[in-house]
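Enquirer: Okay, handing you the structure first.
The values are calculated or read from the model by the stated rules, or taken from the named source; none is laboratory data. Remember, predicted model here, so these are calculated numbers, not experimental data. In this analysis, Cβ positions are derived from the backbone assuming ideal geometry, glycine residues included, and neighbour counts consider all displayed protein chains.
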Amino acid sequence: MHVRTTRLLCVMAPCVRVPGMMQTHSSPKRVYIDFDDVLCETALGFTDIARDAFGRDVAFDDIHSFELWKAFDLTRDEYERLMVLGHKDDFLGALGAIPGARDVLHAWREAGLHVSVVTGRPPECADISHAWLAQHDMPVHDIVFVDKYGRNDAGSASVTPAELAEMTFALAIEDAPVMADYLRDHTRIPLVLYDRPWNRRFSCEDGVPQAGRAVRALDWGHIGSRWRTWLAL
Ligand SMILES: [Mg+2]
């Protein structure tokens, strides 16, 4: 237990400072936000790599599989190269922000929520990820690096999905079908699925997200109009 706690602290170092954060006497509700394709336009960037490096011209709206080797019709070697290029600092640092995310994050700051970015990026991407959030004025408390897809090296300072399941969140916003499945089936975290072309087959329901049932968010404007209801605030 001691070792695991140390690892958690290691990968959950504070991120962007939030000087205006409202202090509350009870623990603030904690919100989980995925990074790629929820805060930033990562898949759009991958379409550039696929076209320029491998000659695969696939429009963003035609990315119907979360597995990019399928989406871009890549060989195993090409896929491995895509992932290397897609985790370089110059690529990650240049990704655009998804419209509306910043405004909602500021509203959450004002409401006193604890906002954690929960990402499947490897911990080696920590510096550029913190820098991107600061550059785009996105106030969050910390980044939690989770080995969501079993890609991280052995000994990586990331938490496992099972460790993530032991953490408490009032709401999670994800786009990845595999993680949405995991959160719905193995945790009690209310799930909001951020609408993307590759998750349209994931079954969602109307109303308020609860343990075991997901609600689809069409965009950050949608989240901005519903988050108080979803969090019972
Ligand atoms: Mg994502």
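Enquirer: Within the stretch 165-173, identify whether any single residue is within 16 Å of the chain's Cα centre (by Cα) and within 13 Å of the ligand (Cβ to nearest atom), and answer yes or no.
Expert: Yes: one or more hits.
Enquirer: Name the residue that is surrounded by the most Cβ atoms within 10 Å (Cβ to Cβ), counting only residues in the stretch 106-125 that are touching a His at 6+ places or on another chain (Cβ under 8 Å) and assigned to a strand (DSSP E or B).
Expert: Restricting to residues being touching a His at 6+ places or on another chain (Cβ under 8 Å) and assigned to a strand (DSSP E or B), the top hit is Val115.
Enquirer: Is there a residue being at pLDDT below 95 and surrounded by 12 or more Cβ atoms within 10 Å (Cβ to Cβ) anywhere in the stretch 30-51?
Expert: no
Enquirer: Still on this structure, please answer the following. Taking the condition more than 16 Å from the ligand (Cβ to nearest atom) and on the phi > 0 side of the Ramachandran plot, does Gly155 pass?
Expert: yes
Enquirer: Let me ask another. Need a quick list: helices (runs of 4 or more DSSP H) entirely within the stretch 161-233 having at least 2 residues that are more than 17 Å from Lys148 (Cβ to Cβ).
Expert: Filter on the stretch 161-233 gives 220-230.
Enquirer: Scan the stretch 111-129 residue by residue and report those that are away from the ligand (no atom under 15 Å from the Cβ) and either closer than 16 Å to Ser158 by Cα or touching a helix residue (DSSP H, G or I) at 6+ places or on another chain (Cβ under 6 Å) (or both).
Expert: Across the stretch 111-129, the qualifying residues are Val115, Pro123, Glu124, Ala126, Asp127, Ile128.
Enquirer: Inside the stretch 79-93, can you point out the residues that are of a type in the set (A, V, I, L, M) and either farther than 15 Å from Arg121 by Cβ or loosely packed, with under 13 Cβ neighbours inside 10 Å (or both)?
Expert: Listed by number, the list holds a single entry, Val84.
Enquirer: Right, something else. Looking only at the stretch 202-227, count how many residues are of a type in the set (D, E, K, R) and modelled with pLDDT under 95.
Expert: Here the count works out to 3.
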